[in-house]
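The values are calculated or read from the model by the stated rules, or taken from the named source; none is laboratory data. Only a predicted model underlies this, so the values are computations on that prediction, with no experimental measurement involved. Glycine also receives a Cβ, built like all others from the backbone with ideal geometry; neighbour counts cover every protein chain displayed.
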């Protein structure tokens, strides 16, 4: 699905399939983050899917299923990760963090039920329970250059390092890339937290939060891009979401072979598409001169940019990324490749 852009100022945007519950219509304007603090914003993340894994075997079970080093997550920590088919193709990407009882895995809402169901099939005799925890916790994303100071004032303590976590009573604060934090608390605390944040930050949609993922180079696999990419193609190995030493998991042989043989011919790049009639969709093809009518890349995520146009994360043939890359057709609109906060 797609939305229409008018004069580069206001956007009618449908980011994902309606089944993914991202079919609301946010509006972006040039001055939309001007009050109360243009350097701090917050977003309600309650619609993101959340799966809890509890039980004495939760760690060992997840360690054998996911690309990331689950056992290596510190007692107060988090990581990005992926879940693959036996052929090494990604079914999901996610944020995973420890809790006193086990782990919480956060991913797009459209993927919560099928991924939970698939993982549950492999629990067998393991002492672990997978449950839908989406409505159990209130979650707010907070970001911007003043986010740390504001949260310090509101909550009194913060994690110092990216992917570290700090607990303040029943509330957990996760530090994420791109000057961002996620605040997780029992659902009963949602209104109190929202009120505290609203008095000190500018509310933005969860679509804007996804745009911040793009700027940080964090890929989000959606239904349209399931089984399209191996982890390295979307840079999971570059953001600490793949372990090559922890042992087996579905697709591990393919992922390891690509790493040790150095055959990563496609990588994820951040790009900007100047204002056009529609917003690119996840799974859309990209083209370059070297490949003619054959696609040389694929859109991973795309959202409208506040200044007009679209911010995009796209997998592109590494040999084409430095040249002209076009969206939708060999003669389609030209993308502007922009820098990521890490090296590709």
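State yes or no: is residue 158 farther than 16 Å from residue 52 by Cβ and touching a helix residue (DSSP H, G or I) at 6+ places or on another chain (Cβ under 7 Å)?
Yes: the conditions hold for residue 158.
What is the residue count in the stretch 107-154 for residues that are more than 26 Å from residue 214 (Cβ to Cβ), touching a helix residue (DSSP H, G or I) at 6+ places or on another chain (Cβ under 6 Å) and assigned to a strand (DSSP E or B)?
1
Would you mention how many residues in the stretch 287-314 are within 17 Å of residue 210 (Cα to Cα) and either in contact with a strand residue (DSSP E or B) (Cβ under 7 Å, 6 or more places away or on another chain) or crowded, with 24+ Cβ neighbours inside 10 Å (or both)?
Within the stretch 287-314, residues that are within 17 Å of residue 210 (Cα to Cα) and either in contact with a strand residue (DSSP E or B) (Cβ under 7 Å, 6 or more places away or on another chain) or crowded, with 24+ Cβ neighbours inside 10 Å (or both) number 14.
Check off (1) surrounded by fewer than 20 Cβ atoms within 10 Å (Cβ to Cβ); (2) touching a helix residue (DSSP H, G or I) at 6+ places or on another chain (Cβ under 6 Å); (3) farther than 29 Å from residue 238 by Cα for residue 177 and give me the number that stays unchecked.
(3)
Taking residue 124 and the conditions (1) buried (at least 22 other Cβ atoms within 10 Å of the Cβ); (2) without any contact (Cβ under 8 Å) to a residue 24 or more places away in the chain, which numbered condition does it fall short on, given that it satisfies the others?
Of (1) buried (at least 22 other Cβ atoms within 10 Å of the Cβ); (2) without any contact (Cβ under 8 Å) to a residue 24 or more places away in the chain, only one is false for residue 124: (1).
Scan (1) assigned by TED's automatic domain parsing to the domain that holds residue 312; (2) in contact with a strand residue (DSSP E or B) (Cβ under 7 Å, 6 or more places away or on another chain); (3) on the phi < 0 side of the Ramachandran plot for the single condition residue 232 breaks and write down its number.
Of the numbered conditions (1) assigned by TED's automatic domain parsing to the domain that holds residue 312; (2) in contact with a strand residue (DSSP E or B) (Cβ under 7 Å, 6 or more places away or on another chain); (3) on the phi < 0 side of the Ramachandran plot, the odd one out for residue 232 is (2).
Scan the stretch 315-333 for residues that are touching a residue at least 60 places away in the same chain (Cβ under 8 Å) and either touching a helix residue (DSSP H, G or I) at 6+ places or on another chain (Cβ under 6 Å) or loosely packed, with under 13 Cβ neighbours inside 10 Å (or both) and report the count.
1
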